[in-house]
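A.B. asks: What follows is a single structure, and I will ask about it in a moment.
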Amino acid sequence: MLSQSSNVGSSMHSKMALRWRFGMRAGLMGLTLVFFAACGGKSTPTDPPTPPTPVAPSITTQPQNQSVLSGQTATFTVTAGGTAPLSYQWKRGTTNVGTNASSYTTPATATTDNNARFSVVITNTAGHIDSNEAILTVTSTVVAPTIKTQPGNRSVAVGQTATFSVEAEGTAPFTYQWKRGTANVGSNAANYTTAATTLTDNGAKFSVVVTNAAGHIDSAEATLTVTASTTGATIVDHTCTNLPAVPTASIDTAKSNLKIAYGHTSHGSQLITGMNALAASSSLYAWNEGGTGGAMKLDDTAMGGDVGYHPAWVNNTRAYLGAPAATGRGTLHPDINVIIWSWCGQASDRTQQTMIDTYLAPMTLLESDYPGIKFVYMTGHLDGTGTNGNLHQRNEQIRAYCRANNKILFDFADIESYDPSGNEFLSRGAGISADGCAYTGGNWADAWLAAHPTDPLATLANACGECAHSERLNCIQKGRAAWWLWARLAGWNGQ
């Protein structure tokens, strides 16, 4: 009996202990749940976010050929994109050289290094890419300078600046001394930009002396033509891309007052791409097709086709606007007060007469029929034929017509003839790949971005969407010039 009682007591004691432990656990669980609830946590786990798919490396600027004297070093550089981190393996022929970096500097060279070939393999988690080979030229003597591209004549309106450029060959380094007549001007650089011109500058001659350790050479003289701005013409070109110089009040006035219709195919979309990047960077430059929310109204691709197809572009303009109203605008879109058309590639096919018949005369007739609308003329995109090509002659014809007849001109070709530092590339074959920024010496957009990686323009270009037929920096420049144009049309004097 005693043993049984003891067993019973022990059993009861065990049950009580189990109840106590269970209660404690339940209590702790309750506390834990209350703690999570108080912290806003969840009792069920969540899946981690899916990481972005890595982008394989790509090369934006290839290593360039280098020429040095025996005993000097040579540096090869590559600019690459893709998902970081990127690794670099430089090669001399098939032999690995250098360290993991985007540039490689040789040891002091000897004549036996002449014609050595250098390249780089760029790798990330998504793959690898091989660069082009760059050739090292090593000479034992200094080669005197020669001039590959002479300074070209320039024509500007009074108040604008003019930029003269030269391209030299021989053994670097070179020094440059620009001259106006016989007087020294400018700094030691391959280009020279004048101050704002006056009529007294018309006919001035500019040249440059290029010097290295082996001698010097004088360039040919280039002539500056300055035309009087006595007309009411509005010309927007590469000198009109400094958007921060445009007063905020003038931007706001443009957003309030302008109702724009734009006709273009892919080339003309460069303005829109640049404007989109600017709008993304600041609400000051907001636009949309309805003009809602304080944005400027711009009806993109309002009229089908582009200005290269005559008479379709004229018929499409009239169909969009409707019959002329007493206000001088169209009955179908009575709010539209600006019409702008862009070229595709057809400007280069025009003769002097067909440019008049299919573009200048029809545009002037539209202006006469719709006097309440501002019509914007445009030059055709570059095609690599330079200052001697037919395209340049036709663009000059458009410019002369606009200046002589008080027209509004968005100088598309001039904007893409210069980098943001004012260096000129039209005379060096700019546009050899459609209207891209490639020229006979490389790609001015890639080179400028590589040299100015922290510039606000580089930030805008890197955030810009795909730029049809060109580089994103070119689209940014055209977007900035577009807002300069809108401010001018809204009454800003451009000063």
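A.B. asks: In whole Å, how far is the Cα centre of region 99-121 from that of region 341-398?
C.D. replies: 49 Å
A.B. asks: Quick check: the distance between the Cα centres of region 164-206 and region 430-467, to the nearest angstrom?
C.D. replies: 24 Å
A.B. asks: Round to the nearest 10 and give me the degree value, 0 to 90, for the angle of helix 472-489's Cα axis relative to the longest principal axis of the chain.
C.D. replies: Rounded to the nearest ten degrees, it is 70.
A.B. asks: Turning to a different aspect of this structure: On C-alpha positions alone, give me the angle between the axis of helix 269-281 and the longest principal axis of the chain, in degrees, nearest 10.
C.D. replies: 50 degrees
A.B. asks: With both bridge residues required to lie in the chain, what share of the DSSP beta bridges run antiparallel, to the nearest 5%?
C.D. replies: Close to 65 percent.
A.B. asks: Right, something else. Would you kindly compute the Cα radius of gyration of region 234-489 and its largest Cα-Cα separation (Dmax), both in Å?
C.D. replies: Rg, Dmax (Cα atoms, Å): 17.5, 55.
A.B. asks: With Cβ to Cβ distances under 13 Å as the rule, what net charge do the other residues near THR146 carry (K, R +1; D, E -1)?
C.D. replies: Result for the local shell: -2.
A.B. asks: Shifting gears a bit: Which of the residue pairs LYS91/LYS148; LYS259/LYS407; LYS179/LYS407; LYS205/LYS407; LYS297/LYS478 have a Cα-Cα distance greater than 23 Å in the structure shown?
C.D. replies: LYS91/LYS148; LYS179/LYS407; LYS205/LYS407
A.B. asks: Around ALA490, what is the net charge, scoring Lys/Arg as +1 and Asp/Glu as -1 over all other residues with Cβ under 11 Å from its Cβ?
C.D. replies: Here the charged neighbours net out to +2.
A.B. asks: Here's something else I'd like to know. Over the chain, what is the relative contact order in percent, taking alpha-carbon pairs closer than 8 angstrom and at least six residues apart?
C.D. replies: So the answer I get is 12 percent.
A.B. asks: How would you order 107-117, 252-262, 74-84 from highest to lowest mean count of nearby Cβ atoms within 10 Å?
C.D. replies: Top of the packing list down: 252-262, 74-84, 107-117.
A.B. asks: Considering the options SER281, TRP341, VAL246, tell which one lies farthest towards the positive end of the dipole of the chain, charges being +1 on Lys and Arg and -1 on Asp and Glu at the Cβ, about the Cα centre.
C.D. replies: Most positive-ward Cα: SER281.
A.B. asks: Now a separate question. With only alpha-carbon pairs counted, each pair once and no self-pairs, how large is the Kirkwood hydrodynamic radius of region 146-227 in angstroms?
C.D. replies: Mean inverse Cα-Cα distance, inverted, gives 12.9 Å.
A.B. asks: At 0.692 mPa s and 37 °C, plugging the Kirkwood radius over alpha-carbon pairs of the chain into Stokes-Einstein gives what diffusion coefficient in µm²/s?
C.D. replies: Taking Rh from Cα pairs, D becomes 121 µm²/s.
A.B. asks: May I ask for the net charge around ALA249, where only other residues with Cβ less than 15 Å from the Cβ of ALA249 are counted and Lys, Arg are +1 while Asp, Glu are -1?
C.D. replies: Net charge around ALA249: +1.
A.B. asks: May I ask for the angle, rounded to the nearest 10°, between helix 390-404 and the longest principal axis of the chain, with both axes built from Cα atoms and the value confined to 0 to 90°?
C.D. replies: 80 degrees
Read-outs throughout are calculated quantities, based only on the coordinates presented, and are distinct from any laboratory measurement. These numbers were taken from a predicted model, which means no experiment stands behind them. Using ideal geometry, Cβ is built from the backbone for each residue, glycine included, and neighbour counts are taken over all protein chains shown.
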